[in-house]
Amino acid sequence: MKQWDAADEEGGRGRARSGRARRTPNQALRLLLAEAGWSGAQLAREVNALGAAQGTALHYDRTAVAHWLAGSRPRRPVPSLVAEALSRRLGRPVRERDTGLGAVGGAAHDLAAPPGEGDAVERLDEVLPEIARRRAAFVGAYSLAALAIPYGQLTLLHGSSEHTRPPPAPAVPPGPRGRVGRDHVASAHELLALFSRGDAAFGAGPVYEPLRQYLSATVLPWLKGDMKPAVRRELLTVASRLTYLCAFTHFDMNHHAAAQRLYLTSVELAREAGDRIGYGIALRGLSVQAHALGHFAEAHHLAEQAVDVALRHAPPHQQAFFHGQLAVTLAGRGDVRHTRHLTAADRCLERSPSGDTPVGAFHAGSLALQRAATAASRGDRHAAARALDLSLRHRPADERRSRALSLAELAETQLALGHLERACRTWHEFLDVHPRVHSARADDRVRLLTAKARPYSGNPLVAALLGRVREVRGR
C-alpha cells in the first residue's frame, strides 16, 4: 500500500464541503488512545506491523491517525487492525465498532464478535466471499479478541445430548432438484476425504481455493435448502468439518486472518449441529494456529476448552489428538503437566493404533512430532531430534507436507546440536520432497534453511546445499 493520503480515507474533505457528509470527531478512538497511553505515531506503527504480519504493506504515520481522530475512516482492513492493536495493548477485546472507524450506516464485519451472535449458515455465507483471493486484503487482522469464545457456548454443548437435534431451519420451498437428503451428505463426506488426502499429499496450494468454491457453490446452497431436521444436523456436521479443513489450508498458506474466521465459523456450525467432537476439533485448530503465532496463553486456553468439550465423546485416536495438543501448549508455557497428557495420548493410541479420518487423523508419527515440540519447548534438542526421527519413520508416505516440515525441523535441530554434515543430509532430503509440495509453511522453511546455512557457506557441503537451494527457488 502507498503512503497514506486523503484518497485512502472515507469521508474526505470534498464530501464535507459539498454538504453530503460532515466529519464528526472520533471521540471513541481518542479515549482508547488515552487509555492505551499511545500517541498517534505509536498507533500507526502498531497498525503497520500488524499489516506486515498478514502480508499487507501499510505506511501510516501520525498524520493519518490525526485524520482518523478528526473523523475520516480508513478503508478495510485498517479498522480491524486498529481494533486488534488496541486489544493487545489493553489486554481486553476491542471491537471495530468500539474504535469509531466502522463504515458509515453499515454493519461492518467485526471478527472479534463472539461466536453465537447470528446463525452459523449466515456466518458461512458471509465469510466465504470475503476470503476469496481477490478480496484477501479485506478479511482483516488475526484477532486475539476473537479467541475469547464465551463459556456459554460450551455449556450449551455440555447440556445437550449427542443425539439432540437442533431446531429445524426455517422452511424453504424445495428447488427443482427436490429436498436435500442423505445422498447429499454422503457426497459431502466423499469430497471431504478427497480434499483431505490432497492437502496432506500436496500441501494446501492446490486445495484451498477449490475447497472454498465447493463450500460456496455446493454445500452452502444445500444448507439453505429444505430437509428433514436429522439430515440438517448431519449436513451441518460435515459442513463444519469441511470448513475446518478450509481453515487449515488457509493456515498452511499463511492466510491467518482468513483461517481464523473459518475456524470460528466451523465452531459455530458444529455448535448448531450439537456436534461436540467437531466443536473440539475447531477449537484445537484455533489452538494450533495461536501457538504457531506465538500466542501461548491463548493456545493453551483453547486446547483446554477442546479437551473439556470433546474428549469424552471422541474415539481413542482423536482423544490422543486432543491430549497431544494440550501437551504442546502446556510445554510451551513451561508447565510440567504436559508429560501427563503425552502419556494419556500414548495409551489412547494403544487402544486405537489406526486413526485415519479425514479430519482429526492421528497416529504414532503425529504423536512423536508433538513429543518433539514439547522437547524443543524444554530446550532438550537431543530428545527433540530423536522424536522427529521417530515421527518420520512412522509417517505415512502420502503425507508429504508433514514429512517435508518434519525434515526441515530435524535439520535445524541437528545444526543447533553441531551436527553439520547430518543436517546437510537431512536438508537434502527435505529438498527432495519440497518441489512436490505447495505450502507456504514449507516455503518458509526454504528461506529459513538459507538463513541458517549461510554462516557455514565456506564448508563445501553447505556450499553445495545452498547451490541446490538457489536452483529450487529459481524454479
| note | Looking across segment 60-75 at residues that are farther than 12 Å from V47 by Cα and among the charged types (D, E, K, R), the single one that is modelled with the lowest pLDDT is R75
| said: Any residue that is open to solvent by 10 Å² or more (accessible area, probe 1.4 Å), of a type in the set (V, I, T) and in a helix (DSSP H, G or I) - is there at least one of those in segment 269-279? | reply: yes
| field | Within segment 309-324, tally of residues that are closer than 18 Å to R271 by Cα and surrounded by fewer than 24 Cβ atoms within 10 Å (Cβ to Cβ) | value | 4
| note | Checked A306, A327 against criteria (out of contact with any Phe, Trp or Tyr (no Cβ under 7 Å at 6 or more places or on another chain), buried (at least 24 other Cβ atoms within 10 Å of the Cβ) and small (G, A, S)); the one match is A327
| query | Given the conditions (1) in a helix (DSSP H, G or I); (2) at positive phi; (3) not basic (K, R), which single one is not true for N254? | reply | (1)
| note | Flagged pairs (Cβ under 6 angstrom, 6 or more apart or on separate chains; first in segment 39-64, assigned to a loop (DSSP other than H, G, I, E, B); second small (G, A, S)) are Q54/A257; T56/A137; L58/G51; Y60/A44; D61/A44
| message | With the condition being within 25 Å of the chain's Cα centre (by Cα), I'd like the helices (runs of 4 or more DSSP H) fully within segment 397-475 carrying at least 2 qualifying residues. | response | 400-416, 420-433, 440-453
| field | Residue list for segment 36-67, restricted to those being open to solvent by 50 Å² or more (accessible area, probe 1.4 Å) and hydroxyl-bearing (S, T, Y) | value | S39, T63
| Positions within segment 110-125 being assigned to a helix (DSSP H, G or I) and either closer than 14 Å to Q260 by Cβ or at pLDDT below 85 (or both), in sequence order | R123
| remark: When restricted to A306, A310, A373, the only residue closer than 26 Å to D398 by Cα and assigned to a helix (DSSP H, G or I) is A373
| request: Among the numbered conditions (1) farther than 24 Å from A404 by Cα; (2) touching a Gly at 6+ places or on another chain (Cβ under 8 Å); (3) surrounded by fewer than 23 Cβ atoms within 10 Å (Cβ to Cβ); (4) aliphatic (A, V, I, L, M), tell me where L342 comes up short. | output: (1)
| remark: In segment 293-308, anything within 23 Å of M253 (Cβ to Cβ) and touching a residue at least 40 places away in the same chain (Cβ under 8 Å) is listed as L293, H295, E298, L302
| remark: By residue number, the members of segment 195-210 that are charged (D, E, K, R) and crowded, with 19+ Cβ neighbours inside 10 Å are D199
| task | Could you tell me whether any residue of segment 400-418 is over 23 Å from A383 (Cα atoms) and surrounded by fewer than 23 Cβ atoms within 10 Å (Cβ to Cβ)? | result | yes
| Among the residues of segment 211-246, which ones are farther than 22 Å from F195 by Cα, open to solvent by 30 Å² or more (accessible area, probe 1.4 Å) and either among the hydrophobic types (A, V, I, L, M, F, W, C) or under 22 Å from the mean Cα position of the chain (by Cα) (or both)? | none
| Is one or more of the residues making up segment 458-472 under 28 Å from T374 (Cα atoms), surrounded by 22 or more Cβ atoms within 10 Å (Cβ to Cβ) and touching a helix residue (DSSP H, G or I) at 6+ places or on another chain (Cβ under 8 Å)? | no
| query | Do we find that A299 is among the aliphatic types (A, V, I, L, M), open to solvent by less than 20 Å² (accessible area, probe 1.4 Å) and assigned to a helix (DSSP H, G or I) in this structure? | reply | yes
| remark: Of (1) modelled with pLDDT under 60; (2) assigned to a helix (DSSP H, G or I); (3) touching a Pro at 6+ places or on another chain (Cβ under 9 Å), A136 fails just (3)
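The values are calculated or read from the model by the stated rules, or taken from the named source; none is laboratory data. What you see is a predicted model; the values in this text were computed from it and never measured. A quick note on method: Cβ atoms are made from the backbone with ideal geometry, for glycine too, and the neighbour counts reach across all protein chains shown. Calculation scope for accessible area: heavy atoms of the full protein, side chains included, ligands and nucleic acids excluded. Shrake-Rupley method; radii C 1.70, N 1.55, O 1.52, S 1.80 Å.
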